[in-house]
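Q: Sharing a structure here in C-alpha cells format.
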Amino acid sequence: MCLAVPVKVIELLDGQMAVGEQLGVQVEFSTALLEDVKIGDHVLAHAGVAIETINEADAAETLAIWNELNAP
C-alpha cells in the first residue's frame, strides 16, 4: 500500500525541488511532475515526489484523519 501525505510548500528550490512542512517536519521533495507549484500550495507527496496539488480543505481533512489514526 502506498501513502501520500499532504505537504504545504514553504520554499521553492532550484531544479524543480521544494521544501514543505509535513506534520510539523520540513521535507524536501521534487515538483517535477506538477506545473506551476507556488509557495503556500498544498501537494500530496509520496517517496519524495509531489504527485498532485490539492486544496487547503482537503489537506486539513486528510491531516485530521491521520492525526486521529495516530492518537494514543
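The values are calculated or read from the model by the stated rules, or taken from the named source; none is laboratory data. Since the structure is predicted, the reported quantities are computational estimates derived from the model, not experimental observations. Here the Cβ is made from the backbone with ideal geometry for all residues, glycine too, and neighbour counts use every protein chain on show. The area values use the complete protein model at the heavy-atom level, side chains included, leaving out ligands, DNA and RNA. Shrake-Rupley method; radii C 1.70, N 1.55, O 1.52, S 1.80 Å.
Q: Does the range 61-72 hold any residues that are of a type in the set (G, A, S) and either in contact (Cβ under 8 Å) with a residue 60 or more places away in the chain or assigned to a helix (DSSP H, G or I) (or both), and which are they? Show your work before the answer.
A: Within the range 61-72, the first condition is being of a type in the set (G, A, S), and the residues that meet it are 64, 71.
Of everything in the range 61-72, just one residue is of a type in the set (G, A, S) and either in contact (Cβ under 8 Å) with a residue 60 or more places away in the chain or assigned to a helix (DSSP H, G or I) (or both), namely A64.
Q: Tell me, yes or no, whether the range 53-60 has at least one residue that is out of contact with any Leu (no Cβ under 9 Å at 6 or more places or on another chain) and among the hydroxyl-bearing types (S, T, Y).
A: Within the range 53-60, none of the residues are out of contact with any Leu (no Cβ under 9 Å at 6 or more places or on another chain) and among the hydroxyl-bearing types (S, T, Y).
Q: Among L69, L13, which is the only one that is open to solvent by 90 Å² or more (accessible area, probe 1.4 Å), among the aliphatic types (A, V, I, L, M) and more than 13 Å from the chain's Cα centre (by Cα)?
A: Sole residue among the options that is open to solvent by 90 Å² or more (accessible area, probe 1.4 Å), among the aliphatic types (A, V, I, L, M) and more than 13 Å from the chain's Cα centre (by Cα): L69.
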